[in-house]
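All remarks here apply to the structure that follows.
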Amino acid sequence: MSTYAKVYADWKRCPAKFWGDAAEEIDWVKPATKVFDPHLGEYGRWFVGAECNTAYNCLDRHVAAGRGKQKALIYDSPVTKTVKSYTYAELTDEVATLGAVLQDLGIQKGDRVIVYMPMIPEAAIAMLACARIGAIHSVVFGGFAANELATRFDDCQPVAVLTASCGVETARIIPYKPLLDKAIELAAHKPKHCIIVQRSMEKASLVAGRDHDWATLTADAKKLGRKAECVTVAATDPLYILYTSGTTGAPKGVVRDNGGHMVALKWTMKNHYGIDPGEVFWAASDVGWVVGHSYIVYAPLLHGATSILYEGKPVGTPDAGAFWRVISEHKVAAMFTAPTAFRAIKRDDPNGEFIKKYDLSAFRTLFLAGERADPETIKWAEIHLKVPVLDHWWQTETGWPIAGNPVGLGTLPVKYGSPTVPMPGYDLQVLNSEGDEVRRGETGTLAIRLPLPPSCLPTLWNNDARFRSSYLSEFKGYYTTSDAGYIDQDGYVFVMARTDDVINVAGHRLSTGQMEEVVAKHKDVGECAVIGVADQLKGQIPMGFIVLNAGVNRSAKEIESEVVKLVRDEIGPVAAFKQVMTVQRLPKTRSGKILRGTMRAIADGEQWKMPATIDDPAILDEITGVMDTRGMISKERAGS
Ligand code: COA
Ligand code: AMP
C-alpha cells in the first residue's frame, strides 16, 4: 500500500511542520527561526534565519560520518574510454582545493562564476567549489553558442569562467575556447579570470593575465596545502543561477537558494526515487540542464549516494547497449533520463537485443522526464527492462518533480501518458483563462497555488519584475507552469503542451520566439515564423518559415542555408534548427497575429479548422503547398 495519500494530506494540513521535519535531515550552522515567512520576497521565503553550506552537506559531513572511502562520483566516458571514480574523501579534497584557488583569485561569497563545461568531473567539482566558498555558479550547457554565453555574462556579471579546452560529441571534438573568446569579445561585461581544463585531445591557447591552466593552479595549491573552508551562507542566499528559455531571446536567470534546495532534494532521494545512502543513482543528463544540477550533482551527494557523470550518448558510444553497460558495470539502482534517449535506443535496437547481454539485476527503476513520456516508449522500456518505468514532470524553475510516482512512499499504479500525482509541496490546480479552477478532466493551464515549495525559484536573477510578469501575474495567487493539461478523477495529472513559445527538442528546452529573433536578423528576411513540429526521435523540432524582402533576387536555397547557419552560430547546435522554407506570405489574423498553431497542425498532418479570424485563407493553401512540395508534412517527415 502506498502512503502517498497520507503523506500528501499531512503536508497540506501543515506545510511548515512537513518541511521543518524534512529540514532535520540537513546539517545547519544555525537552524531557521521561521520555516516559512510569507512576508519576505515575492511570495515568501523558506528557512528564514538559517545558516548553512551546501558543499558541506554534500561532502564533508559524509566523510565525518564514515563515508570517506565510499565512491561519491563515477566518471564514465565512453567517448574518451575512461572510467574514473572519486571517493567522498577525494572529492572533498578536490573541491576544497579548487575553492582555495578561486579564493586566491579574489573570488568571494556572492560573486558569480560561470561554468561552461563538457561532462567531465571538473564540472561537478567547479559547482561544488563555488558552493563551498559561497560563490554563485551559473552553468551554461556546452551546446550553446558564444552569443548565448555572452548574454549570460552581461546578465550575471561573472568574475570568473571555468571551462575546458573541448567537449567530445561522439567522435567529434568541439573546441570550447574559441567560443569563450568570442563570447568575451561580444559581451559588455568581461570576466577577470578564465580557468581552463586542458584536455589531451585539444590544447587551448591561453591569454596571458586572464587565462589560467586548471591543472597548474590546483597542483600548486595542493603543494602549498591550500584548502578552502566551507563559508557560511544564509539559507536564502543564492546557490546558483540557471538560465532557461522564455518567450523572448533574453533567457531567464532562475535563482536557486541554498536551504530550501537542500531540504527538498534530500527529501526526494528516498521518498520519490526510493534510493538509500550508499546506492548508485544515475541521471543520464548534462550538468548544463536542471536535471544535471539536481540529480547528477546535488541530490545524490546530499543523500550520501554514488552518482554517475556520463560523457556519452544513448546510442553511438559505441552502440545502443551503452546505457545497459553503465547500469551493469556500476550496479545502478535507479536511472533517470529523457524519453528521447529511449526512442533513440529503440530505433537502433527495436528488439532490445543489447539489453540481454548485460546483468541488470541491481537495477530497480527507470525514471523519465524532460518531455512528455509517450506511452509507446514507456511500454517498450517496461517490456524489455522488466522494471517500473515512471514518468515525472518538472521544470528548471522548480528543481524537483512537481508530479511523479513516489517509489519511496509506495509506487502507485501507472497510467500511461500521466506523470502520476502532485508531490507534497505542490497544490496543483487546473485553471481556465479567467483563473477559475475547472472540473476534473477538463483541460486548462496547470498552476501551483502559492507559496511554491522549497527549492523552487524565489525570483529571477536581478529581475523581480520579470519573475512577477512571467509567473505570478496571469493568475492571482498562483504560479503558472505555462503547461496545459488536466487532472483526472483519480487525481492523476496529464501534461499535454506548453502554452507559450517554448518547445522541447530532445529533452532540451528552447524558445521559438528566440529563434525568430535570430532569423529576423538576416538582411534578406522581411518576416518569419518558427514553430515546433512533431519529430519521431526528438519529440519536437523547430521549423522555420521566411518571407524575403521585396527585391531580393538571390536564390532562396542559399538564403535558407544562411539562416540555418545563423541560428546555429547565434544559439548553438542544440537548437537543431535545420528546416526552413521560403514562402510568399505568412498566414495571419486580421489583427496581424501569425497563425502558428494552424501552421503546426498542417505540418503535423493533424485535422485543423480554418480560423474564423484569418485575414486571407488563400495563404494557408500556399503554405500547405510549399510544405507538401518540400516533404515537410508529417508522414513525409517521419523519421527525420
Ligand atoms: N556540446 C556541444 N555540442 C552539443 C552538445 C554539447 N554538450 N550537446 C549536443 N550538441 C550538439 C550535437 O552534437 C548536435 O550537433 P549536430 O547538429 O552537429 O549533430 C546538436 O547539438 C543537437 O544535439 P542533440 O539534440 O542532443 O541531438 P543528437 O542527435 O546529438 O542526439 C539524442 C540525440 C536523443 C541521442 C540526444 O539528444 C540525447 O541523448 N538526449 C537525451 C536528452 C537529455 O539528456 N535531456 C536532458 C534532460 S533529462
Ligand atoms: P525544463 O525546464 O528544461 O526542465 O523543461 C520544462 C518543461 O518540459 C515543462 O514545462 C514541460 O513542458 C516539459 N516537461 C518536462 N517533463 C515533462 C513530463 N514528464 N511530461 C510532460 N512535459 C514535461
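Miscellaneous remarks
- Relative contact order (percent, whole number), the range 182-281, Cα cutoff 8 Å, 6+ residue spacing: 15
- Take every Cα pair under 8 Å whose residues are at least 6 apart in sequence, average their separation, divide by the length of the chain, and the relative contact order is 12 percent.
- Shown is the FRET efficiency for A65 and I173, computed with R0 = 41 Å from the Cβ-Cβ distance and rounded to the nearest 0.05: 0.50.
- What the phi angles of the range 573-582 give under the Karplus curve with 6.51, -1.76 and 1.60, with θ = phi - 60°, is a coupling list of x, 4, 5, 6, 8, 10, 10, 9, 10, 8 Hz, glycine and proline written as x.
- For the range 509-629: rounded, prolate or oblate by the Cα gyration tensor [a/c cutoff 1.5]: oblate
- Computed from point charges on the beta carbon alone (+1 for Lys and Arg, -1 for Asp and Glu), the dipole magnitude for the range 509-629 about its Cα centre is near 240 Debye.
- DSSP H segments from the chain that extend 30 Å or more along their own axis, Cα-based, with Kyte-Doolittle mean of 0.5 or above: none
- Packing-based order for 507-517, 599-609, using average beta carbon neighbours within 10 Å, highest first: 507-517, 599-609
- In a fully extended conformation the segment linking D348 and D436 would gain 27.1 nm over its present Cα-Cα distance, using 0.36 nm per residue.
- Per-pair calculated FRET efficiency, R0 = 41 Å: D104 and D615 via Cβ, rounded to 0.05: 0.05
- Selection from L366, P611, P38 lying farthest towards where the dipole of the chain points positive, charges on Cβ: L366
- Zero-based 10 Å bins, Cα pair distances in the chain, whole percents: 3, 16, 27, 28, 18, 7, 1, 0
- Ordering of 347-356, 447-456 by packing [mean C-beta count within 10 Å, highest first]: 447-456, 347-356
- Spin-label pair E376/S561, simplified geometry with 7 Å Cα→Cβ offset, distance in nm: 3.3
- Of K81/K109; K17/K386; K109/K266; K190/K227; K34/K190; K84/K266, those spanning more than 31 Å from alpha-carbon to alpha-carbon: K81/K109; K17/K386; K34/K190
- P(r) tail fraction, the range 90-203 - alpha-carbon pairs more than 26 Å apart, %: 14
- Euclidean distance of C-alpha centroids, the range 494-535 and the range 311-337, integer Å: 31
- Inter-label distance, T82 to Y416: 4.2 nm, where each label sits 7 Å from its Cα along the C-beta direction.
- Farthest toward positive dipole pole in the chain [+1 Lys/Arg, -1 Asp/Glu at C-beta], among P375, L73, S555: L73
- The chain - mean residue ellipticity at 222 nm from DSSP helices (-39,500 (n - 2.57) per run, n ≥ 4, rounded to 500): -8000 deg cm²/dmol
- When only Cα pairs below 8 angstrom with a gap of at least 6 residues are kept, the range 509-629 shows a relative contact order of 23 percent.
Throughout, read-outs are computed from the coordinates displayed, never taken from laboratory work. Since we're looking at a predicted model, the values are computed, not measured. Ideal geometry is used to build each Cβ from the backbone, glycine not excepted, and the neighbour counts take in all protein chains shown.
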